[in-house]
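Below is one structure; the comments refer to it alone.
The values are calculated or read from the model by the stated rules, or taken from the named source; none is laboratory data. Small disclaimer: the values here were computed from a predicted structure and weren't measured. Backbone-built Cβ (ideal geometry, glycine too); neighbour counts: all protein chains shown.
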Amino acid sequence: MVAIASVGTAPLAARAPAEQVIEVPGFADFLAVDGKSVWATNDGRVERWSRHGKLAEVRMSKPCGAMAIAHRALWVADCKEGTLNRIDIRTAKIIASIPTGIANPEGELNVVAGADSIWVASDAKGIIARVDPASNSVTASITVDPGTFYLAFGFGSLWAVSSAQQSVQRIDPAANSVVKKTLLGRQPGFLAAGEGGVWVQEQGDGTVARIDPGSGELGGRIKVGETLKWGDIDTGGGKVWLRTTEEQTFVVIDPKSMTIRARVGKASGSGALRYTKAGIWTSAHDVHTLSWWREPAKIGN
């Protein structure tokens with residue numbers, strides 16, 4: 001039996017972090033960090049923002065899901081066209097539109113980079129497309145559990161979550177096949193690989209599960225709240241950062257002690273989160289904002 005760390009009374013940050021709120025019209029949602037700026041999906045476009053305002057805009061039919069930056073490009077799914085779009089981050093222009101198919105047209109999915117490839121869940125029946133950025137073409141189609149939408153790359157492997165099958169699957173990029181499958185709790189969703197583990201939101205249970213990156217086995221759980229629906233997760237700076245939709249904007253988890261170190265900000269509906277050493281970016285599409293939270297090293301200490 002795997003122990004679940006209790007919610008208890010979570011400590012607040014040593015001092016309240018400064019939040020800079022940026023008004024963003026539309027529906028700013030998923031984020032990808034680009035130096036001192038951040039790209040955000042929005043209605044019919046992706047936008048690049050800095051702390052001082054909007055820097056660029058690229059029109060698309062329906063940009064969706066978490067994005068990746070690799071090979072001097074932003075890689076973003078288009079849920080209406082069923083394509084993976086490659087945007088040159090220097091010119092803010094689409095330079096390739098790759099017909100991969102998109103597994104979840106509702107938009108809850110990830111594009112990730114790793115092993116010199118770009119990966120996207122391409123078919124709800126259980127297919128992940130592997131794209132070669134040198135040729136902008138699909139080089140492999142990997143069979144996974146039906147309903148696999150959520151991806152992360154880390155520790156030399158691609159990790160894929162099926163909410164429908166309540167599974168996390170470890171994929172060996174050298175073999176293009178699943179080599180380990182582990183059962184999860186209710187409605188698993190977004191995940192992040194780093195800080196000693198693969199961390200999966202179990203949205204229906206309000207928990208975060210740690211998967212051991214060596215064995216692929218479940219290594220423990222942290223209870224955060226009643227649910228974790230429609231949030232986001234990232235790692236960095238020795239911590240796990242969890243965007244929530246209830247009670248606070250985000251939660252800071254100590255990956256070593258498996259405890260909550262801080263609950264930060266007010267509840268602001270659904271949105272995304274990305275870590276940088278200088279600050280944390282969060283989005284809140286329900287209130288049409290991006291936020292920048294400074295000095296993450298001091299949050300939760």
Please verify whether Leu74 is closer than 17 Å to Pro173 by Cβ, in a strand (DSSP E or B) and free of Cβ contacts under 8 Å to residues at least 60 places away in the same chain, treating the condition exactly as stated.
no
Residues that are in a loop (DSSP other than H, G, I, E, B), more than 18 Å from Lys54 (Cα to Cα) and in contact (Cβ under 8 Å) with a residue 60 or more places away in the chain, drawn from region 273-298
Thr276, Ala278, Glu295
Apart from one, (1) farther than 27 Å from Ile280 by Cβ; (2) within 19 Å of the chain's Cα centre (by Cα); (3) among the basic types (Lys, Arg) all hold for Arg48; the odd one out is (1)
Part of a loop (DSSP other than H, G, I, E, B), surrounded by 16 or more Cβ atoms within 10 Å (Cβ to Cβ), of a type outside the set (Asp, Glu) and within 18 Å of the chain's Cα centre (by Cα): is that true of Ala113 in this structure?
no
Failed item in (1) part of a strand (DSSP E or B); (2) touching a Lys or Arg at 6+ places or on another chain (Cβ under 6 Å); (3) more than 28 Å from Leu183 (Cβ to Cβ); (4) not aromatic (Phe, Trp, Tyr), with Ala140 passing the rest
(3)
Pick from region 136-157, criterion more than 14 Å from the chain's Cα centre (by Cα) and closer than 16 Å to Gly216 by Cβ, ranking: surrounded by the fewest Cβ atoms within 10 Å (Cβ to Cβ)
Gly156
Within region 51-82, count every residue that is closer than 18 Å to Pro99 by Cβ and more than 19 Å from the chain's Cα centre (by Cα).
5
If you go through region 119-135 one residue at a time, do you hit one that is in a loop (DSSP other than H, G, I, E, B), in contact (Cβ under 8 Å) with a residue 40 or more places away in the chain, among the polar types (S, T, N, Q) and under 25 Å from Ser61 (Cα atoms)?
no
Please count how many residues of region 43-88 are within 20 Å of Asp116 (Cα to Cα), crowded, with 21+ Cβ neighbours inside 10 Å and not polar (S, T, N, Q).
11
Could you please find all residues in region 252-290 being surrounded by fewer than 23 Cβ atoms within 10 Å (Cβ to Cβ), polar (S, T, N, Q) and within 28 Å of Asp43 (Cβ to Cβ)?
Ser268, Ser270, Thr276, Thr289
For region 188-246, enumerate the residues that are modelled with pLDDT under 95 and touching a Lys or Arg at 6+ places or on another chain (Cβ under 7 Å).
Gly231, Thr245
Just to be sure I understand the filter: pairs with C-beta atoms under 6 Å, separated by 6 or more residues or on different chains, first member in region 90-103 and more than 12 Å from Val76 (Cα to Cα), second member modelled with pLDDT of 95 or more and outside any strand (DSSP E or B). Which pairs pass?
Gly101/Gly82; Ala103/Ala124
